[in-house]
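Every number in this text was worked out from the coordinates using simple rules, so none of it is lab data. Computed from a predicted structure; not experimentally measured. Here Cβ is always computed from backbone atoms with ideal geometry, including for glycine, and neighbour counts include all displayed protein chains.
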Amino acid sequence: MSTTPQLLAISDLHVGHAENRPILEGLRPDNPGDWLIVAGDVAETTTDIEWALGLLKSRFDTVIWVPGNHELWTTSKDPVQLRGVRRYEYLVEMCRRLGVLTPEDEYPVWTGDGGPVRIAPLFALYDYSFRVDGVHTKQESLAKAQEAGIVCTDEYFLHPDPYPGIDDWCRARVEETERRLAACGPDVPLVLVNHWPLVRQPTRILRYPDFAQWCGTELSGDWHTRFNTATVVYGHLHIPRHTVYDGVPFEEVSLGYPREWKPRGLPDKLLKPVLPVRVAP
Ligand SMILES: [Fe+2]
Ligand SMILES: [Fe+2]
């Protein structure tokens with residue numbers, strides 16, 4: 001048992017996959033004061049999302065969720081057929097009912113080990129600007145990916161309504177997010193949490209480079225240096241790893257699909273501590 005509460009994170013639980021459900025059911029705090037960041041892609045249907053977040057909230061002191069692309073899909077299997085912004089608002093209302101924090105709440109301050117830090121759950125989306133070399137527009141980029149047979153499922157299920165495109169929705173989210181981050185002030189360092197990586201570098205190792213256009217926006221590329229940032233937590237790529245950019249740690253904390261985690265095996269500790277834990281002298 002951990003002697004002091006910790007700030008923990010996980011993403012891409014994808015409980016729509018039967019083999020990931022017992023993994024979620026096995027997630028428990030070491031200490032009753034542990035907080036858990038859930039960085040998107042919990043599931044596709046509102047029923048699964050509610051089950052998963054409700055279970056986690058019944059166990060962890062505080063649960064903080066940001067949406068991934070999968071929560072935002074409108075599929076025929078879902079009793080809730082809302083699209084785009086209205087679907088996001090429905091999920092935020094669901095979280096309020098469950099007592100789970102979202103990007104629409106005041107950013108909570110963690111005062112335990114490694115703190116104080118202000119946790120900023122973000123929903124910055126993507127805008128097709130992580131393009132391969134020589135490609136200059138969204139249209140060109142999408143056409144090139146299609147030619148290569150790489151089309152993200154978002155193109156079928158993630159609707160931007162009432163915005164004309166996901167990139168328009170992304171720009172609106174970025175503007176609002178920058179305003180809120182600037183208003184935080186520099187005194188308490190931030191933990192920035194976003195489903196998609198905030199910088200381009202982590203997408204450089206994708207097997208299919210054309211897929212990067214669905215993975216973030218150049219508009220957030222300087223947030224970790226412009227705002228006083230202790231660490232950045234993200235998922236989406238299903239490539240769990242620790243990297244450092246401009247002196248700031250970035251943690252990809254995804255579980256991923258069974259076909260991805262099975263070959264490498266599950267780590268001993270599925271929940272990643274976000275902050276360095278003080279060691280008693
Ligand atoms: Fe995912
Ligand atoms: Fe994702």
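Structure summary
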{"item": "Cα convex hull of region 166-279, projected area averaged across orientations, nm²", "result": "8.7 nm²"}
{"item": "Estimated distance in nm for a label pair at E176 and D133, the labels positioned 7 Å out from Cα along Cα-to-Cβ", "result": "3.8 nm"}
{"item": "Under-5 Å amide H pairs with G114, H placed in peptide plane, nonlocal only", "result": "R278"}
{"item": "Stretch gain in nm, segment R226-D168, where the contour uses 0.36 nm per residue and the Cα spacing is subtracted", "result": "18.6 nm"}
{"item": "Over the chain, relative contact order from alpha-carbon pairs under 8 Å, at least 6 apart, %", "result": "22 percent"}
{"item": "Enclosed volume per residue, in Å³, of the convex hull spanned by Cα atoms of the chain", "result": "135 Å³"}
{"item": "Sequence-distant residues sharing a close amide H with H159 (under 5 Å, placed H)", "result": "T74, G84"}
{"item": "Length gained when the stretch D30-E155 is fully extended (0.36 nm per residue, less Cα-Cα span)", "result": "41.0 nm"}
{"item": "Partners for K77 among aspartates and glutamates (Cα-Cα distance below 18 Å; same-chain residues under 8 apart left out)", "result": "D41, E44, D48, E50, D154, E155"}
{"item": "Other-chain or far-sequence residues with amide H under 5 Å of T229's (modelled H)", "result": "L190"}
{"item": "Where a label projected 7 Å from the Cα of Y257 along Cα→Cβ would reach, residues of region 211-227 with amide N under 16 Å", "result": "211-212"}
{"item": "Distance (nanometres) between label positions extended 7 Å along Cα→Cβ at A143 and C184", "result": "4.0 nm"}
{"item": "Most mobile listed residue (S220, S141, S76) in the chain, GNM with C-alpha springs under 10 Å", "result": "S76"}
{"item": "Check: the chain dipole with +1 on Lys, Arg Cβ and -1 on Asp, Glu Cβ, in debye", "result": "480 debye"}
{"item": "GNM flexibility winner over the chain from V188, V135, V63 (Cα, springs under 10 Å)", "result": "V135"}
{"item": "All lysines inside 26 Å of K272 as judged from Cα atoms, apart from same-chain residues fewer than 8 positions distant", "result": "K57, K262"}
{"item": "Under the Karplus curve 6.51 cos²θ - 1.76 cosθ + 1.60, θ = phi - 60°, whole-Hz ³J(HN,Hα) for region 20-34, x wherever Gly or Pro sits", "result": "8, 5, x, 5, 4, 5, x, 7, 9, x, 6, 10, x, x, 5"}
{"item": "Total charge dipole magnitude, region 126-281, about the Cα centre, Cβ charges on Lys, Arg, Asp, Glu only, Debye to nearest 20", "result": "680 debye"}
